[in-house]
Amino acid sequence: MLYRKVKKTGEELSVLGFGCMRVPQKRGRIDEKRATRQIRSAIDRGVNYLDTAMLYHLGANEPFLGRALRDGYRERINLATKLPPGAVKTRPDMDRLLDAQLDMLRTDRIDYYLLHGIDGESWNKIRELGALEFLDKAKEDGRIRYAGFSFHGDIDAFKEIVDAYDWEVCLIQYNYLDEHNQAGTEGLKYAAGKGLGVIIMEPLRGGN
């Protein structure tokens with residue numbers, strides 16, 4: 001496995017991460033035995049960055065992953081999950097959701113905690129509700145180590161968000177079909193120029 005350093009954290013992350021949004025299913029539910037085998041095989045072969053979210057599999061993904069990372073696997077990886085803006089109505093909701101995620105993932109901290117799928121509109125909402133102060137507090141009390149955001153908006157909103165906080169990483173959709181969509185190549189270079197680690201989702205656009 002190859003690794004690349006996240007500039008602001010100094011950590012070496014595997015060039016291939018494991019995104020858990022599309023783990024195998026059987027009869028409409030996560031095929032836990034097969035998915036656990038896949039995740040552990042990836043970790044055994046050097047993958048050290050796993051990504052999940054509260055919304056994946058209608059809320060079943062984080063509890064599944066908490067079980068899959070037992071037997072010492074949690075300690076071998078950097079775990080990323082996300083705060084869903086749509087579930088946030090007040091500032092205390094952010095703490096409540098993060099605490100629930102820690103319980104479901106069976107861990108005492110999230111290594112990379114991201115604001116999930118934000119664009120200009122959801123960014124304005126969650127920022128006004130105190131998201132940046134929440135991230136600062138969660139870092140201070142040790143519930144998260146690093147902060148970032150995943151993005152689905154236009155380039156102007158992306159640049160505004162990059163400049164609004166001392167993020168460690170961002171997660172963007174990027175592939176041969178999306179060089180000029182959403183953040184695109186311009187956004188990738190902009191974020192990297194500001195020192196953010198840029199993590200890629202949808203490198204194959206879901207197989208498309």
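The values are calculated or read from the model by the stated rules, or taken from the named source; none is laboratory data. Keep in mind that this is a model prediction, so the values were computed, not measured. Counting neighbours? That spans all protein chains shown, and the Cβs are built from the backbone with ideal geometry, glycine included. Side chains included, ligands, DNA and RNA excluded: accessible areas come from the protein's heavy atoms. Shrake-Rupley method; radii C 1.70, N 1.55, O 1.52, S 1.80 Å.
Run the simple label-point estimate for Glu186 and Arg37 please: 7 Å along Cα→C-beta, distance reported in nm.
Inter-label distance under the simple model: 4.7 nm.
At Val15 and Thr90, where each label point lies 7 Å from the Cα along Cα→Cβ, what is the point-to-point distance in nanometres?
In this crude spin-label approximation the distance works out to 4.9 nm.
Average projected area of the Cα convex hull of region 25-178, in nm²?
10.0
Which entries of Lys82/Lys139; Lys89/Lys194; Lys8/Lys189; Lys7/Lys139 show an alpha-carbon separation above 20 angstrom in the structure shown?
Lys89/Lys194
What is the dipole size for the chain, taken about its Cα centre, with +1 at each Lys and Arg Cβ and -1 at each Asp and Glu Cβ, in debye to the nearest 20?
The dipole of the chain has a size of about 1000 debye.
Is region 120-208 rounded, prolate or oblate when judged by the Cα gyration tensor, a ≥ b ≥ c being the square roots of its eigenvalues, rounded requiring a/c under 1.5 and prolate requiring a/b larger than b/c?
Because a/c hits 1.5 or more and a/b exceeds b/c, region 120-208 counts as prolate.
At a Förster radius of 35 Å, what calculated FRET efficiency corresponds to the Cβ-Cβ distance of Asp166 and Asp44, to the nearest 0.05?
According to the calculation, E is roughly 0.55.
Might you report the magnitude of the Cβ-based charge dipole of region 34-140 about its Cα centre, with Lys and Arg at +1 and Asp and Glu at -1, to the nearest 20 debye?
It comes to approximately 460 debye.
Which aspartates and glutamates, on any chain, are close to Lys125 with Cα under 12 Å apart, when same-chain ones fewer than 8 places away are left out?
Within the straight-line limit of under 12 Å, Lys125 reaches no aspartates and glutamates at all.
Per 10 Å bin from zero, what fraction in whole % of the C-alpha pairs of region 31-119 is there, up to the bin with the longest pair?
In whole percents, the pair-distance histogram is 16, 51, 26, 6, 0.
Rolling a 1.4 Å sphere over the protein heavy atoms, what is the accessible area per residue of the chain, to the nearest Å²?
The answer is 50 Å² per residue.
How high is the relative contact order of the chain, given as a whole-number percent (alpha carbon pairs under 8 Å, six or more residues apart)?
RCO, the chain: 16 percent.
When a/c reaches 1.5 or more, the comparison of a/b and b/c decides; with that in mind, is region 23-83 rounded, prolate or oblate per its Cα gyration tensor?
Here region 23-83 falls in the oblate category.
Around Arg4, with a cut-off of 15 angstrom between Cβ atoms, what is the net charge of the other residues, counting Lys and Arg +1 and Asp and Glu -1?
Charge balance in the 15 Å sphere: 0.
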